[in-house]
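See below for the structure under consideration.
What follows draws every value from the coordinates through simple rules; no lab data is involved. Quick caveat: nothing in here was measured; it's all calculated off a predicted structure. No Cβ is skipped: glycine too gets one built from the backbone with ideal geometry, and neighbour counts run over all protein chains shown.
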Ligand SMILES: [Zn+2]
């Protein structure tokens, strides 16, 4: 990948870079905290960013604790389809659910929150898991004239992947900054993991995988 020159119509999107998904948090992604210095390197280069945050009420339907007899990582059928159950995480209004305090907040121009409706989970920064309820992020980015999105955050194979896929469907050119993301890698049926599945899906949608060093400072 040759060096990418940034334009005014580019936006850095920080997905769930929150303590709840980092070591010591409620739903830690392995080495999730390693994305923090990468994000802080990119922020002054982009000069603009939006942050997306998981923001759950206590009675959220994605929590295994709200499904008697179920355990975290079980899969259940909800009205909108299959849903993985998670440990309680991202309690709204807490520092655990807010973008990590070590991220330089000065360049974050908007914060979009998701997963605050108790009946539906939200992996994507654009749509809830019912695939129709919007978060408002697309309207915000379109109003700003944004054409290319550079994604960093957690977890690569869930919220980042779903955000990337939806972004391509909405007409954005999407770059996934690999060293600014970390994944979970849950095993899937064919001896592969959710990371393999996410990479396959995103390559098919035209997402470009880059390193932060590919971006010209
Ligand atoms: Zn969540």
At R0 = 30 Å the Cβ-Cβ FRET efficiency linking residue 201 and residue 109, nearest 0.05, sits at 0.55
Shape descriptors of the range 146-188 over alpha-carbon atoms, Rg and Dmax in angstrom, are 10.6, 35
Given all pairs of different Cα atoms, what value in angstroms does the Kirkwood hydrodynamic radius of the range 117-217 take? 14.2
Per the Kirkwood formula on distinct C-alpha pairs, the Rh of the range 82-134 is how many angstrom? 12.8
Please work out the Cα convex hull volume for the range 1-49 and give it in Å³ per residue. 93
Isotropic mean projected area of the C-alpha convex hull, the range 120-170 (nm²): 3.4
Could you please state, rounded to a whole Å, how far the C-alpha centre of the range 151-169 is from the C-alpha centre of the range 74-132? 12
With springs only between Cα atoms under 10 Å, which of 190, 109, 96 fluctuates most in a Gaussian network model of the chain? 190
Output the peptides 14-26, 30-42, 59-71 sorted from most to least packed, where packing is the average of other Cβ atoms within 10 Å over each peptide's residues. 14-26, 30-42, 59-71
Expressed in whole Å with the largest first, what are the equivalent ellipsoid semi-axes of the range 1-125 derived from the C-alpha gyration tensor as the square root of 5 times each eigenvalue? 30, 15, 13
Beta bridges by DSSP in the chain, antiparallel share as percent, to the nearest 5: 20
Taking a crude spin-label model, label points 7 Å out from Cα along the C-beta direction, the residue 143 to residue 9 distance in nm is 2.0
Quotient of Cα Rg and 2.2 N^0.38 Å for the chain, N being how many residues it contains: 0.96
Among 52, 160, 207, the residue with the largest mean-square fluctuation in a Gaussian network model of the chain built from Cα contacts under 10 Å is 207
Contour minus end-to-end for residue 186 and residue 95, with contour as 0.36 nm per residue of separation and end-to-end as the Cα-Cα distance? 30.1 nm
